[in-house]
1. Which of the aspartates and glutamates could be linked to K51 by a straight reach, that is with a Cα gap under 17 Å, when you skip same-chain ones fewer than 8 residues away?
2. Rounded to the nearest 20 Debye, what is the dipole magnitude of region 96-193 about its Cα centre when Lys and Arg each give +1 and Asp and Glu each give -1 at the C-beta?
3. At 0.36 nm per residue, minus the direct Cα-Cα distance, what do A152 and N107 gain on full extension? Give it in nm, one decimal, please.
4. Which FRET efficiency, nearest 0.05, do L24 and A63 yield, Cβ-Cβ r, R0 35 Å?
5. Subtracting the Cα-Cα distance from 0.36 nm times the residue separation, let me have the gained length for C167 to H94 in nm, one decimal.
6. Please sort by residue number the chymotrypsin sites (Phe, Trp or Tyr not before Pro) in region 89-140 whose DSSP state is loop and whose Cβ has at most 11 other Cβ atoms within 10 Å.
7. Using helices alone, what [θ] at 222 nm do you get for the chain, with -39,500 (n - 2.57) per DSSP H run of 4 or more residues, divided over all residues and rounded to the nearest 500?
8. Using a Förster distance of 22 angstrom, determine the FRET efficiency expected from the C-beta separation of K7 and H86, and round it to 0.05.
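Please treat every number below as a calculation from the coordinates, not as lab data. Since we're looking at a predicted model, the values are computed, not measured. Positions of Cβ are generated from backbone atoms using ideal geometry, with glycine treated the same way; all protein chains shown enter the neighbour counts.
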Amino acid sequence: MAAHQKKASRLKAHIVFLDESGFLTAPLVRRTWAPRGQTPVLLQCGRHREKASVIAVLSVSPARRKVGLYFSLASNLNVDGPWMVHFLRDLLRHLRGPVLLIWDRLNVHKSAAVAGLRRRCSRLHVDWLPPYAPELNPVELVWSHLKRNPLANFAPANANDLATMACRHARRLQRRQDLLRSFIRHGRLSLRL
């Protein structure tokens, strides 16, 4: 059993994987079907530097029965300490009992605002992923799924349209226990469900 699983079992804690990402208004172009001789045309606005930033969590319940997806989206913002603290407070209000947070070593995760929250909240425990190891975080599979499947070939008019569409597809993904479980199982950390 991996160290994070032993710690979570001992604490009877939710195991929570957190990661941030961004969706660009420039679409990810994928191969698609079209009638023979009618090449699909993908129209894109000129403001290709706009984006929607997102923080997301995959959580595994203490009994390992349920996997949850929680997220926060914002148009044209970067993830910073205050946004991360607000997201973590909301998450801790939703999850009861101890929470074992597993995340990478992004500077925002070590910011003064986040460190203050960690000191004040005794039920929040943190384990760090090794540096340069995104394949260990199953939330990366959420990003891959959203970008390559429902949001592929989507050319929004602006960042607000992009955030609305990304939110819609993330909400659909929240109801897909089979898919969420597959992200946890196929992550490189050995976590039994």
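1. D19, E20, D80, D161
2. 420 debye
3. Result: 13.2 nm gained on full extension.
4. On the way: r = 38 Å, r/R0 = 1.10.
The formula returns an efficiency of 0.35 here.
5. Values: separation 73, 0.36 × 73 = 26.28 nm, distance 1.89 nm.
In short, 24.4 nm is gained.
6. Working: sites: W103, W128, Y132; in loops: Y132.
Those satisfying the criteria are Y132.
7. Helices in the chain give a 222 nm mean residue ellipticity of -11000 deg cm²/dmol.
8. Efficiency at R0 = 22 Å is approximately 0.25.
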